[in-house]
Structures are given as structure tokens and as C-alpha cells.
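One structure is given below, encoded as C-alpha cells.
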Amino acid sequence: MHEFLAHHGTPSDDQRRAMPPEVAARIIGTLDTIPLAQPELVNGLVARMGDPARMDGWLATKQLTDSLGDAYDLYWGDLGLLRVCLGNEHATAVFDGNEIDYIPLFSDNSEVLKISRLTALLQDSGKVLSVAQTGTNFGQSEYNLLIARRFVAGISDEHLSPAAKRAVIALVGLDAVGGILQGHDVDDKLAQFRADWPEEFSGYREDLMLSSYLSDASAHSTFRLYRNARSGFPEPAVRPEDAQLTFLFERHLSGAVTLTLDRCELLLDRLPGINRLRYLLTDELGPYAREDEVFAEVVTRQACATGKDSWSVRDPHEHGLDFYILDALGSLGVSANILAYPKDRSDVAVDHRYWLPGDGRVWGRSVWVGNNVPGEVGPHPQEYAHPNPEIASMQQRVLTADRVYSSNIGQPLQPEEAWKIIHAVENLR
């Protein structure tokens, strides 16, 4: 649990943790006199955002929050939604949704990657402050822009060009796509946005408009997960009893989250400049394949071919034996359990457990190391030390001698691991 909880005492009866008025006043009072973020921390984060490799939303959000110093409350307060949600919890859902479904389309340009990722983190950066100052988040646009401008101003031009900074600010301040979908007159807003947009990124403008809207709005739907800041585990971004925007969205045939067909047609008409993400609006095949899409496809195909919801396969190799157990879980997705037995040892295994939760990603849920015989009690914690130092370093002892590599829980599955699973499933006989 973060120091925020101790600093501001226990939550209210409805579990909301609002930013205290005096903290809001201090943040407002110092915005023009001191940098909002610590330069060495924020510049390091922004530098990593130019890498096309997938980033973890919780880690990115934590690094941004850590860079804010005493202003970390901006992400550790309640957003004032119709459901309990901290700023950093929503930010992880937005960032991960963007990372899973839209970021790969911009991987050819490191500056555009930074624009898209920073926008995902900063879109609601002032909402907690709005709640603290006004009692609601209805005036969030003003506060989002206030915080985003101060945050971006602290990034060196070496790590983010002035043109890219202007693009981030323009995207954070944009409130037009939702208006189009609701039939509002947004012509003036669109004209202002286009006037503010830097010419250097003109070819990406409307694609970034769409991706920033989709990633933010879909974080209020059942299509997304967020990292619970209290427990550290991924959970549904909304639950059935919550007010939500699930009705706006559906899955594209690629697995990515897109708008329903009628809403896609509205955007195609009003935003003809959408290019890279156009396939999401036209129900065409996407330009790339994600390892998690292929994983889902082959598991589903195998389930259809065999007529079974669960099956297994043995994969012997020179180092031992890998035993795959796969389960199709219907609307809940797919799980994969891979037991890796070392050569000549059938009594000990490394047990990798993965879960494809049905939102377009593969999660590495846990890695266990130890005796695989159910119910057999292993050595006591102080007595056990695995001879392999790599395995020993990742163990956390429990009485049954099973080990959990906790930092792997909830992390996206790496492509090489996913393709190994895919290969095994494709070659089932």
C-alpha cells in the first residue's frame, strides 16, 4: 500500500480517498514556481517511451507518479466517478488498452510513440484536482490541461521535441470525438485542435485522436482491466453494477477494441484523415498480428476441432519434458499451464500459469517452483535452498515448498513465451 493512505488517513465509508483541500491548494500554489515533475525521473521515463517494445501500464504509471514528488496525490486520489477508482488505477487501464490495441500502429516513429503514451498517462492527470477543488470532475478539461502543460514543460527538448510537446497538449485538451458520437456540434473544437496541431506530425493527427479516445473511453468498459492499487492484482475496469461505457464498444475481428459499427460510420464520415487505425472502423484485417491474438486463435481452433474444453500435450526435449495443459474458459478466455520437468526428475517441476482473460492480452499469472505432488509437505522455509541460484533467487517460501515469482503476476506474456505456447498448441495431435 502506498504512503498516500497513511498520509491522508483511512478512506471514507464508501472507500473513496479524496485529495484534501489543503493539498490541492498547495499543488495549485506551486505550479508556477517549481517544476511539477523531477526532471531526471520524468526524462528517463519519456526516453523509454520511444521504444516500440510493450510497456507495462502499472510500472509506467508508478514511474510517472514517483516523479511528481509531493504532488503524487494527483494520481492517488479518487476520480469522482460513479464507481470507486483511484487516478492511477484508471491510468493503468488507459495505458494498457492503448499499449495492447493501438500503439503497434505507431511503432515506426519513436516521437509518435512518446506522444501516444504520454497522452494516455496525462489525459486525466487533473481530474483528482478538479474533484478536490470543485467537488466534481465536470471541469476536468481545464485541470487536465493545467497539469499536462506543467508536466510536459519539465521534459527536456532532448527527450521530447517542442513539436511533440504541443501534440501532447493538444490531445489532452481535445474533447471532440465523444461529442461527434453524441451528435454535438464540435466544429469549432476540431478547428481549434487542427490549428494547434504541429505540422511535423500532420500524418498522425487523426489516428492519434482516435487512439487516445478509444483507450480512454474503453477504460470505462468491461473490455479493459486495471491494476488494483490496494492489492496489486489486475481486475475488471468496471463491474456489472457500475455505470459504464461498454455499450459503445465491440471487438474487432483482430481482437482489438473498437466502436460499434454505427459509431464507426459516424467517425469515418467526420474524420476522413484516419489512416493507420482505419481498419478498426471498416472491419478489415489489421496490418499486424499480435502474439496474443494468435494464441487465442489457435486455442479456439483446437477447441473447436477436438470438441473439448480442456486438453494436454507432452513436449519432450533434450533438457527434460514440458507438459502443456490448456483450458478454454468461454467468455472468461483461456488458461495455459506449462509444467517444465528437468531431465531425469519427474518429481519436481517449474509450473508456469498463464491466463488470457478475454480482453486481448496474455497475462503471465505466476511461476511456481517445487514439488509437484499435491498435498506433499516440503521442507520448512529456513531449510530449503534450491541448488540453481537463478531459481533460488525468485522463490518465495510457503509451507508446501511451492514457490511464487510474485513480480511475474499480472505481467504481459513475452512474445517468445507466447510463441512457444502457440507452437505447442498448433502441433497437438
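Before moving on, here are some points about what is shown:
- Number of the exception - ARG117 against (1) touching a residue at least 24 places away in the same chain (Cβ under 8 Å); (2) farther than 22 Å from GLY203 by Cα; (3) of a type in the set (D, E, K, R): (2)
- Residue match in region 153-161 (condition: β-branched (Val, Ile, Thr) and in contact (Cβ under 8 Å) with a residue 60 or more places away in the chain): yes
- Verdict on VAL42 being in contact (Cβ under 8 Å) with a residue 40 or more places away in the chain, in contact with a His (Cβ under 7 Å, 6 or more places away or on another chain) and surrounded by 14 or more Cβ atoms within 10 Å (Cβ to Cβ): no
- Out of ARG149, ARG83, sole residue that is in contact with an Asp or Glu (Cβ under 6 Å, 6 or more places away or on another chain) and either at pLDDT 90 or above or surrounded by fewer than 23 Cβ atoms within 10 Å (Cβ to Cβ) (or both): ARG83
- Whether a residue is surrounded by 21 or more Cβ atoms within 10 Å (Cβ to Cβ), β-branched (Val, Ile, Thr) and under 22 Å from ALA153 (Cα atoms) was assessed, and THR30 does not pass this test.
- Selection count, region 151-175, where residues are assigned to a helix (DSSP H, G or I) and either in contact with a Ser or Thr (Cβ under 8 Å, 6 or more places away or on another chain) or of a type outside the set (Val, Ile, Thr) (or both): 13
- Residue match in region 119-127 (condition: surrounded by fewer than 19 Cβ atoms within 10 Å (Cβ to Cβ) and not basic (Lys, Arg)): no
- Looking only at region 48-62, and only at residues there that are out of contact with any Asp or Glu (no Cβ under 9 Å at 6 or more places or on another chain) and modelled with pLDDT of 90 or more, the one that is surrounded by the most Cβ atoms within 10 Å (Cβ to Cβ): MET49
The values are calculated or read from the model by the stated rules, or taken from the named source; none is laboratory data. Here the structure is a predicted model, which is why all the values come from computation and not from measurement. Don't worry about glycine lacking a Cβ; one is built from the backbone with ideal geometry, like all the others, and counts go over all protein chains shown.
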